[in-house]
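Chemist: Below is the structure I would like to discuss, written out as C-alpha cells.
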Amino acid sequence: MEKFFRRNFAGYAFLSPWLIGFFLLAIGPILASLYLSFTKYNIVRPPQWIGLDNFVYMFEFDDRFKKALQVTFTFVVISVPAKLIFALGVAMALDKGIRAIGWYRALFYLPSILGGSIAVAILWRQLFNYDGVINGILRLFGGDGPYWLADPKYSLWTLIVLAVWQFGSPMLTFLAGLRAIPQELYEAAEIDAAGPVRKFFAITVPLLAPVIFFNLVLQMIEAFKSFSGAFIISGGSGAPLDSLLFFTVYLYEEAFSYLRMGYASALAWVLLVIIAAFTAIAFWTSKYWVHYENERG
Amino acid sequence: MSKLNRRLFLGAAGSVVALSALGRPAFAQGTQIRHFWWGNPERDRRTFAVIDIFNQKNPNITVSGETLGFADYFTKLTTQIAGGNMPDVIQQGYGVLFEYIANGAVVPLDDYVGKSLDISRIDQSAIDAGTVDGKFYALSIGANSHMAIYNTRLYEEAGITIGEGADFDPYGYTYDDLARIGAQIKEATGVAGTEDNTADYQNFSDFIAQKGVAMFNEDGTYGATQEIVEEYWSTWQKTREAGATPAGPESAGLAGVSDLSQLGVVTGKAATSYVWSNQLVGAQGLVEDPLGAAMYPNTPEMIPGSIIQPSQFVCLTRDSVDPEAATAYMSAFINDLDMTGVLGLERGIPSNSDVRAALEPTLSAAEAVSVAFFDAIQGKTAALAPPPPSGSNEVEQTFERVAVSVLLGEKSIPEVAKDFLAQAKAILARA
C-alpha cells in the first residue's frame, strides 16, 4: 500500500484538481439530486421526505410530463437520423477531393460551434418569424409562409431544422471514417461493374458502421438533452401549446418557475434512465450491424 | 466553508477592488449593499443614476446595482436563494411577493422602522399592502393599475374623437366599442386597432371582476366559472372577427411575452396595447408618436374591474449582509427627493406624498399622462383583493398557454375553458 502510494503520488497530485472538481462538482450534486428526487423541496424551506410521491404523480397524473416525453421522442427520432444522413452526404461530397477542403470543413463545422448558443436561437426565432427571412423568401416565390413558431404544427420542425444544421461534428467524424476506407475496394467493385448505389451499400456503409454507431449514440444523447434552442424559441415555456415542451424545458420550468426542485430532480433522474436505456439498446443492437476490422468472425 | 466566511471573503475582495479602483482606504469603504431589480432600459438608466446619488451622499455605504429582464429575474433570484447569496435589496411585485414571504426569503422590516427606515410619509394604503399577519415586509415604491395605451396619431388618422361622450371614452368604453373602433382604425390605417387579449391574464382578471366574481374564493378555490371563461374568449373572438385585431396566429406567437419592445404599439402592429400603468413611461421611450392612456374595456354593466395596487416593492432579503445599511438605502429610495426625482413615475405613482408634490412641476409628457390617468380612475376601480394563494402564478401561465388553442382555432372555446378550469383546480390543489 505504502509502495503503491509512493509510486503513484505524483500522478494523483497532478490529477487532484480534476479529482476534487469531480467529487465536489459532479458526484456531490448527483447524489444530492438523487436525494432531492424523493423530497418536496422549494429551495427556501428544507426538503421534506415524501418517498416515491414525485414519481407516482409523474406517471399517473402529470399530463405535461407525457407531453414532454412525446415532444422529446419525436425530436430525437426525426432529428438524429436526418442529421446523420445529411452529415454523411456532405462528408461524401467533401471526400471527393475538392479544392480548399480545409476551408469547407471549417465552414461546415461552424454551425456546430455556434449551434448551442443563445444568439443562434434568437437568430432562428427571427428567421422563422411570420415577418422573418424564411417567409420573405417564400413570398418572393408567391407563397405565403405559415406562422412557423406560433403554430404547433410547424414549431417543432423549425427546431429539427436547427438541429440538422448543426451537422458539423458528425460530418467531420464521417469524413475521417471515409478516408480510412481503402480505395482498392471501390476499384475492385468497379471492375465487377458495381454502380454507385451498390458501392455505397456494399462497401461504404459496412466499413463505416463503427463511425455511424459512434455518431448515432453521441447525437442521440445530445438530442435527448437538447435545451437552449427550445427554451429561447418558446420563450421558456414550451409554447405554443407545449409543442416545444422538451423534457429539459419542462424540467427547468418546474424547477425555476414553480420552485419544485424535488420534482425537477425526479424528472432529471427519469431522463437519465431513459438516455441510459436507449444507449444500452443501441449497444445491444450494434452486435448485429457493427463490425470492426480487427474482429475475428 | 461556512456562509459567514464566504461573505467575509467576498466583502474583503470587494473592498480590495474598491480600494484599487478609487484609491480610498479599504476600511472607510464600509458596507457593500446589492440591489437587484427587473427592468427595462429606461428603468435601468434611472436606477443606476439613483444609486450613484446615494453612493455620493453616503460614502460609508456602497450600493451596487444588478438588473435583468422580467422573464429571467425570478430564475436568477431562485438560484440565489439556493446559493444563499440573494442581494440585500430586491424588487418584488404583488403577485409573487407573498410566496417569498411565506417561504422566509423576505424578512420583516419592523425592527428598522423609525430607525434606519423612515415610512412616516408613506400612504397608509401602501403600508397595508406590504403588511402580512401584522408584520411589515415590503416597501411599496408606487401605485399601479391596468392601462390600455394607444397611439394617438393612428386614432386621429382614423378620425376617432376621444373624450366623454365622444367615439372613444378612455374611462368608460365597452368591448363592443373597442371592436367597432378597432375595426375602424384597421380600415383607415391598415394597423390593427387593438391587440388581441385572448391570452392576456391581466385583462382576464379584470373581466372576472367585471362579472362580479372574485378571482379566488374565500377557501382559496378558483373563482371564475365555465360561463365566464367562455364569455371572455367569445368576446375577444368577436373583436377578432370584426377585424380589429391582428390575425389569431400572430397573437398566439406573443402569448406570455412581457417585453415592452414586443408590444403592438411599439412594433407598429396594433394601435392599442395593454400594460401596467407604470410601463407607459418605458413604452413611450420606444415610440415616437405620443401615447394616450385608457382603462381596460368594460362590459355593458360597467362594474369596475381594474384595481389600484402597489406597482413594486423593495424588500430586505434573508441573506442581507447589513440590514441597517440596506434599510437606510431603501428608505432613501422612497424618500430622498434627489433620488425620487430621478426615478420619476417609472415605477408607478410614488407612495410618498411629499415626493408626489415635488415631482409635479418636473413631469415629462408621458408622466403627465400617467398622473392624469390616475386622477381619472379614482373611484372607478375595484377593491384590492387579498394576496393571491400560492399556485396563482402557475394558473396564470396555464391560462396563457391554453388560450393559444383558442387563438389558433384548434379547439372549441367551451372545450378549452373546461380544460383550463380543470388544470387550475389541479394546480391549486397541488400547491
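Chemist: Which of rounded, prolate, oblate describes region B:278-379, given a ≥ b ≥ c as roots of the alpha-carbon gyration tensor eigenvalues and a/c under 1.5 marking rounded, otherwise prolate only if a/b is larger than b/c?
Modeler: It comes out prolate by the Cα gyration axes.
Chemist: For chain B, give me the percentage of DSSP beta bridges that are antiparallel, rounded to the nearest 5 percent.
Modeler: Counting DSSP beta bridges with both partners in chain B, the antiparallel share is about 60 percent.
Chemist: Which of the trypsin sites (Lys or Arg not before Pro) across region A:45-124 are loop residues per DSSP, with 14 or fewer other Cβ within 10 Å?
Modeler: In loop regions of region A:45-124 (DSSP not H, G, I, E or B), the sparsely surrounded trypsin sites (Lys or Arg not before Pro) are A:Lys96, A:Arg99.
Chemist: State the answer as a single residue: which of B:Gly30, B:Asn144, B:Gly190 lies farthest towards the positive end of the charge dipole of chain B, with beta carbon charges of +1 for Lys and Arg and -1 for Asp and Glu, about the Cα centre.
Modeler: Ranked along the dipole, the leading option is B:Gly30.
Chemist: On to the next question. Using 0.36 nm per residue of separation minus the Cα-Cα distance, give me the extension gain between B:Val371 and B:Asp52 in nm, one decimal.
Modeler: 112.1 nm
Chemist: Something else: Taking the Cα centre of region B:154-308 as origin, sum charge times position over the Cβ atoms of Lys and Arg (+1) and Asp and Glu (-1), and report the length of that vector in debye to the nearest 20.
Modeler: Computed charge dipole of region B:154-308: roughly 200 debye.
Chemist: Further question on the same structure: Considering only the other residues whose Cβ falls under 10 Å of the Cβ of B:Ser251, what net charge follows from Lys and Arg at +1 and Asp and Glu at -1?
Modeler: Residues close to B:Ser251 contribute a combined charge of -2.
Chemist: Sticking with this one: Taking 8 Å as the Cα distance limit and 6 or more residues as the minimum spacing, I'd like the relative contact order of region B:140-234 as a percentage.
Modeler: 15 percent
Chemist: Run the helix sum for chain A: -39,500 (n - 2.57) per DSSP H stretch of 4+ residues, divided by residue count, reported at 222 nm to the nearest 500 deg cm²/dmol.
Modeler: -22000 deg cm²/dmol
Chemist: A further question follows. Suppose we compare each residue of region A:20-65 in its chain alone and in the full protein complex with a 1.4 Å probe; which ones drop by at least 30 Å² of accessible area?
Modeler: Residues of region A:20-65 that lose at least 30 Å² of accessible area once the other chains are added: A:Ile43, A:Val44, A:Arg45, A:Tyr57, A:Arg64.
Chemist: At a probe size of 1.4 Å, how large is the accessible area of B:Val281, to the nearest 10 Å²?
Modeler: Looks like 10 Å² after rounding.
Chemist: State the percentage of accessible surface on chain B attributable to carbon and sulfur atoms; use a 1.4 Å probe and exclude ligands, DNA and RNA.
Modeler: 54 percent
Chemist: Please name the residues of region B:64-90 whose accessible area, counted over protein heavy atoms with a 1.4 angstrom probe, falls by no less than 50 Å² between the chain alone and the full protein assembly.
Modeler: Correct list: B:Thr75, B:Thr78.
Chemist: By the scheme Lys and Arg +1, Asp and Glu -1, what is the net charge of all other residues having a beta-carbon under 12 Å from that of B:Ile349?
Modeler: That sum, taken over residues with Cβ under 12 Å, equals -3.
Chemist: With a 1.4 Å probe, what is the total accessible area buried between chains B and A, in Å² rounded to the nearest 100?
Modeler: Chains B and A together bury approximately 2200 Å².
Chemist: How many lysine pairs does chain A hold where the Cα atoms are under 24 Å apart and the two sit 8 or more places apart or on different chains?
Modeler: 15
Chemist: Any chance you could check the Cα centroid distance between region B:332-367 and region B:293-321 for me, in angstrom?
Modeler: Here the two parts' Cα centres lie 18 Å apart.
Chemist: Can you give the helix-only mean residue ellipticity at 222 nm for chain B, where every DSSP H stretch with n ≥ 4 adds -39500 (n - 2.57) and the sum goes over all residues, rounded to the nearest 500 deg cm²/dmol?
Modeler: Value at 222 nm, helices only: -14000 deg cm²/dmol.
Chemist: Starting from the amide H of A:Thr39, placed 1.01 Å from N in the peptide plane, find each other amide H under 5 Å away whose residue is 5 or more places distant or on another chain.
Modeler: For A:Thr39, whose amide H was placed from the backbone, the distant partners under 5 Å are A:Ile50.
Chemist: How big is the gap, in Å, between the Cα center of region A:1-68 and the Cα center of region B:56-116?
Modeler: 29 Å
Chemist: Taking a probe of 1.4 angstrom, what is the accessible area of B:Leu337 in Å², to the nearest 10?
Modeler: Ignoring ligands and nucleic acids, B:Leu337 comes out at about 90 Å².
Chemist: Given Cα pairs under 8 Å that are at least 6 residues apart, what percent is the relative contact order of region B:261-387?
Modeler: Relative contact order, region B:261-387: 33 percent.
Chemist: Tally Lys and Arg at +1 and Asp and Glu at -1 over the other residues with C-beta under 13 Å from the C-beta of B:Val287: what net charge comes out?
Modeler: For residues surrounding B:Val287, the net value is -1.
Chemist: Then there is this: Which of the listed residues, A:Trp124, A:Thr204, A:Leu172, is farthest toward the dipole's positive end in region A:105-236, when Lys, Arg count +1 and Asp, Glu count -1 at the beta-carbon?
Modeler: With unit charges placed on the Cβ atoms, the residue in question is A:Trp124.
Chemist: Out of B:Met215, B:Val314, B:Ala271, whose Cα points farthest toward the positive end of the dipole of region B:201-357 (charges: +1 Lys, Arg; -1 Asp, Glu; placed on Cβ)?
Modeler: B:Ala271
Chemist: From the Cα gyration tensor of region A:166-297, with a ≥ b ≥ c the square roots of its eigenvalues, which class applies: rounded if a/c is under 1.5, or else prolate if a/b is larger than b/c, or else oblate?
Modeler: It is prolate, given that a/c is not under 1.5 and a/b is the larger ratio.
Chemist: Another question, if that's okay. What is the Cα centroid distance between region A:245-261 and region B:221-291, reported in whole angstrom?
Modeler: 27 Å
Chemist: If you put +1 on each Lys and Arg Cβ and -1 on each Asp and Glu Cβ, how big is the dipole of region B:280-431 around its Cα centre, in Debye rounded to 20?
Modeler: Using Cβ point charges on Lys, Arg, Asp and Glu, region B:280-431 gives about 680 debye.
Chemist: Mind running the shape call on region A:124-187? Use the C-alpha gyration tensor, a ≥ b ≥ c as the square roots of the eigenvalues: rounded below 1.5 for a/c, prolate if a/b tops b/c, oblate otherwise.
Modeler: Because a/c hits 1.5 or more and a/b exceeds b/c, region A:124-187 counts as prolate.
Chemist: What longest range of chain B stays clear of loop-exposed GluC sites (Glu not before Pro) (DSSP non-H/G/I/E/B, at most 15 other C-beta within 10 angstrom)?
Modeler: B:1-163
Chemist: Given contacts defined as C-alpha pairs under 8 Å and at least six residues apart, what's the relative contact order of chain B, whole-number percent?
Modeler: Here the relative contact order equals 25 percent.
Chemist: Oh, and also: So for B:Arg347, A:Arg260, B:Arg356, what's the accessible-area order with a 1.4 Å probe, most first?
Modeler: B:Arg356, A:Arg260, B:Arg347
Chemist: Before I look further, what does chain A give for accessible area per residue, probe 1.4 Å, in whole square angstrom?
Modeler: 56 Å²
Chemist: Right, something else. Using unit Cβ charges (K, R positive; D, E negative) and no other charged atoms, how large, in debye to the nearest 20, is the dipole of region A:173-297 about its Cα centre?
Modeler: Here the size comes out at about 200 debye.
Chemist: Identify the chymotrypsin sites (Phe, Trp or Tyr not before Pro) of region A:29-138 meeting these criteria: DSSP loop state and at most 13 other C-beta atoms within 10 Å of the C-beta.
Modeler: Those satisfying the criteria are A:Phe61.
Chemist: So, one more: Tell me, what is the 1.4 Å probe accessible area of A:His291, in Å² to the nearest 10?
Modeler: 110 Å²
Chemist: If you don't mind, another one. Aspartates and glutamates near B:Lys115 by alpha-carbon distance under 12 Å, same-chain residues fewer than 8 away left out - which ones?
Modeler: Answer for B:Lys115, where 12 Å is the Cα cut-off: B:Glu324, listed by chain and number.
Chemist: So which trypsin sites (Lys or Arg not before Pro) in region B:398-431 are both in a DSSP loop and have at most 16 other Cβ atoms within 10 Å of their Cβ?
Modeler: Loop-located and lightly packed - B:Lys411.
Chemist: Which aspartates and glutamates have a Cα less than 13 Å from the Cα of B:Lys186, not counting those fewer than 8 places away in the same chain?
Modeler: List returned: B:Glu156, B:Glu157, B:Glu195, B:Glu241.
The values are calculated or read from the model by the stated rules, or taken from the named source; none is laboratory data. Quantities reported herein were computed from a predicted structural model and do not represent experimental measurements. All Cβ positions, glycine included, derive from the backbone under ideal geometry; neighbour counts span all protein chains shown. Ligands, DNA and RNA are stripped out before the accessible areas are found, and what is left, the full protein with its side chains, is counted by its heavy atoms. Shrake-Rupley method; radii C 1.70, N 1.55, O 1.52, S 1.80 Å.
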